[in-house]
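Data block below; observations after.
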Amino acid sequence: MEEEKTLKVQKIKNGIVIDHIPCGRALKVLKILNIEGDIGSAVSIAMHVRSRYGWKDIVKIEDRFLEEKELDKIALVAPTATVNIIKDYKVVKKHRVEVPDRIVGIVRCTNPRCITNQNEPLTPEFYVISRDPLIIKCKYCERDMESDEIVENII
């Protein structure tokens, strides 16, 4: 009988687990959460993990909780993600991220002539045109942006 080899990641006492991240997007999630270098807490990343639904990434961050704007950013990068809130080693809340109908101050418009890119005191604002595939439209110049462009232009 062949012994199954597994790698175990330590449980966190308090913090978050972001699960069901599309394969290859975990590092982008860390970037938008400004997780770099020594943050003083444990961070675990599992990439290209087999699940019953295919392949996924997972991010665990100890002693960190998310603000609404951070959840909106994660939804744009990983619309299939779930966020588990951990307290005293137990999942106390689990929810799926949702792409908001209006995206304000999170994404930069790709149109260089858009008024939001002209040093005007305007905050970029977009409306969701489609969720699958994800397409958003700039409120000011009406430029459409698709998933990869959105991910690359998160502020």
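Taking 0.36 nm per residue of sequence separation and removing the Cα-Cα distance, the TYR127/GLU36 pair yields an extension gain of 29.7 nm.
Of all accessible surface on the chain at a 1.4 Å probe, what whole percent is carbon and sulfur?
Carbon with sulfur: 47 percent of the solvent-accessible area.
When peptides 117-127, 14-24 are ranked by their average number of other Cβ atoms within 10 Å per residue, the highest-first order is 14-24, 117-127. Look at the dipole of the chain built from charges on Cβ: of GLN118, ILE85, VAL49, the Cα furthest out on the positive end belongs to ILE85.
Defining a contact as two alpha carbons under 8 Å apart and six or more residues distant in sequence, what relative contact order in percent does the chain show? Present the calculation step by step, with values, prior to reporting the outcome.
Values: 285 pairs, mean separation 32.6, N = 155.
Relative contact order comes out at 21 percent.
Compute the FRET efficiency between ASP63 and CYS23 as 1/(1 + (r/R0)^6), taking r as their Cβ-Cβ distance and R0 = 30 Å, and round to the nearest 0.05.
On the way: r = 27 Å, r/R0 = 0.89.
That pair, ASP63 with CYS23, gives E of 0.65.
Keeping every protein chain present and rolling a 1.4 Å probe, give me the accessible area per residue for the chain in Å². Here the per-residue accessible area is 66 Å².
May I ask you to derive the relative contact order of the stretch 91-144, considering only C-alpha pairs under 8 Å and at least 6 residues apart, and to give it as an integer percent?
Values: 67 pairs, mean separation 16.6, N = 54.
Relative contact order of the stretch 91-144: 31 percent.
Taking amide H as placed 1.01 Å from N in the peptide plane, CYS23 has its amide H under 5 Å from the amide H of ASP57, each at least 5 places away in sequence or on another chain.
Please give the charge dipole size of the stretch 1-110, origin at the Cα centre, charges +1 on K and R Cβ atoms and -1 on D and E Cβ atoms. Round to the nearest 20 debye.
Values: 21 positive and 16 negative charges, 39 e Å.
With only Lys, Arg, Asp and Glu charged at Cβ, the dipole is about 180 debye.
The values are calculated or read from the model by the stated rules, or taken from the named source; none is laboratory data. Nothing here was measured: the structure is a model prediction, and the numbers come from that model. Every residue, glycine as well, gets a Cβ built from its backbone with ideal geometry; the counts of neighbours run over all protein chains shown. Heads up: the accessible areas ignore ligands, DNA and RNA and are worked out on the full protein's heavy atoms, side chains in. Shrake-Rupley method; radii C 1.70, N 1.55, O 1.52, S 1.80 Å.
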